[in-house]
Amino acid sequence: MKITVTLLLILFTAITGFSRIVKKPIPDKLVVLTFDDATASQYSVVAPLLKEFGFGATFFICEFPPNFNDTAKYMNWRQIGELNRMGFEIANHTRNHPAIAKLSKEKIEEQLNYIERKCDSMKIRGPVTFAYPGYSLSLPGLKVLKGKDYQFARAGGSRAYDPMTDHPLLIPSWAMNSENKSQIMEAFDEAHNGKIVILTIHGVPDAEHPWVNTTPELFKEYLQYLSDNHFNVIAFRDLGKYINAKKAMETIVPDLTKKLKN
């Protein structure tokens, strides 16, 4: 009898813990668009198209080395501030895009603090989400993010985000480029039954990194598809409308090995 009661208590705790992760039902066709590295085309091409379709999005900002000051390739902070005024999320991608796995806790904090201070100086809402540069993960990085009250962080993995099993600071995503249209279209189909599709996008186009380039024509084709098929396209921080990140962090054990699609 004692064993049975103990098992029931454990089961009850697990069920109630997981049930509190989701604040309200996650609708089918929920997609998050995220953009990395502050490429110039995100201001000149991406933002106007997103406004045209009425879609939300997140821009993960870093001062990409060595050419961040080249405004033909990257946005300046005035333009980043304008994206914020347009209603888009400005989020943290570190100061200069290092591999987090190679940094100490102190260096990770320095990287995050720099973007936070820049946002504050530009009167941009303080970042609450993060994207790992190059999808480089580390437990010290997780601890820093949690300690600074970040709600969600984006990794890789090419699979849908399941809020019931994926730690909110290790959210998987698909990386978009001009050569993987079939993969991205298949990814959209996975936005159902409580799962959410997150996309990592770089320049549209990307002048400095052609291997992550997406053409404006293809990007607009994706937006038209999402609009025609009634997808709900939101910013990364807006996951908080559906998911209790704090409860998820208390309930789900972080697994840095869970990267590849099953």
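The values are calculated or read from the model by the stated rules, or taken from the named source; none is laboratory data. Given the structure is predicted, the values throughout are model-derived calculations rather than measurements. Note that each Cβ is placed from the backbone with ideal geometry, even for glycine, and that neighbours are counted across all protein chains shown. Keep in mind that these areas ignore ligands, DNA and RNA; they rest on the heavy atoms of the full protein, side chains included. Shrake-Rupley method; radii C 1.70, N 1.55, O 1.52, S 1.80 Å.
Looking at the stretch 20-37, can you tell me whether even one residue there is part of a loop (DSSP other than H, G, I, E, B), under 25 Å from residue 207 (Cα atoms) and open to solvent by 10 Å² or more (accessible area, probe 1.4 Å)? No. Of the residues contained in the stretch 93-101, one or more are found to be assigned to a helix (DSSP H, G or I) and either within 17 Å of the chain's Cα centre (by Cα) or more than 29 Å from residue 218 (Cα to Cα) (or both).
Residue-by-condition table, conditions (1) assigned to a loop (DSSP other than H, G, I, E, B); (2) under 15 Å from the mean Cα position of the chain (by Cα); (3) at pLDDT 95 or above:
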{"position": "116", "(1), (2), (3)": "no, no, yes"}
{"position": "124", "(1), (2), (3)": "yes, no, yes"}
{"position": "144", "(1), (2), (3)": "no, no, yes"}
{"position": "167", "(1), (2), (3)": "yes, yes, yes"}
{"position": "179", "(1), (2), (3)": "yes, no, yes"}
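Among the criteria (1) open to solvent by less than 10 Å² (accessible area, probe 1.4 Å); (2) under 17 Å from residue 129 (Cα atoms); (3) out of contact with any strand residue (DSSP E or B) (no Cβ under 6 Å at 6 or more places or on another chain), the one residue 242 does not fulfil is (1).
Of the residues 165, 257, 251, 214, which is at negative phi, of a type in the set (S, T, N, Q) and open to solvent by less than 30 Å² (accessible area, probe 1.4 Å)? It is 214.
Quick one: would you say residue 253 is assigned to a loop (DSSP other than H, G, I, E, B) and in contact with a Pro (Cβ under 8 Å, 6 or more places away or on another chain)?
No; evaluated as a whole, the condition is false for this residue.
When residue 87 is tested against (1) surrounded by fewer than 17 Cβ atoms within 10 Å (Cβ to Cβ); (2) over 17 Å from the mean Cα position of the chain (by Cα), only condition (2) is not met.
Would you be able to say whether some residue in the stretch 39-53 is assigned to a strand (DSSP E or B), open to solvent by less than 40 Å² (accessible area, probe 1.4 Å) and among the β-branched types (Val, Ile, Thr)?
First, the residues of the stretch 39-53 that are assigned to a strand (DSSP E or B): 39.
Right, trim to open to solvent by less than 40 Å² (accessible area, probe 1.4 Å) and you get 39.
Filter once more, keeping what is among the β-branched types (Val, Ile, Thr): 39.
Looking for residues that are assigned to a strand (DSSP E or B), open to solvent by less than 40 Å² (accessible area, probe 1.4 Å) and among the β-branched types (Val, Ile, Thr), one finds at least one in the stretch 39-53, hence yes.
Contact map, the stretch 61-87: first residue among the polar types (S, T, N, Q), second residue open to solvent by less than 30 Å² (accessible area, probe 1.4 Å) and modelled with pLDDT of 95 or more, Cβ cut-off under 6 Å, separation 6 or more or different chains; pairs are 84/90; 84/124.
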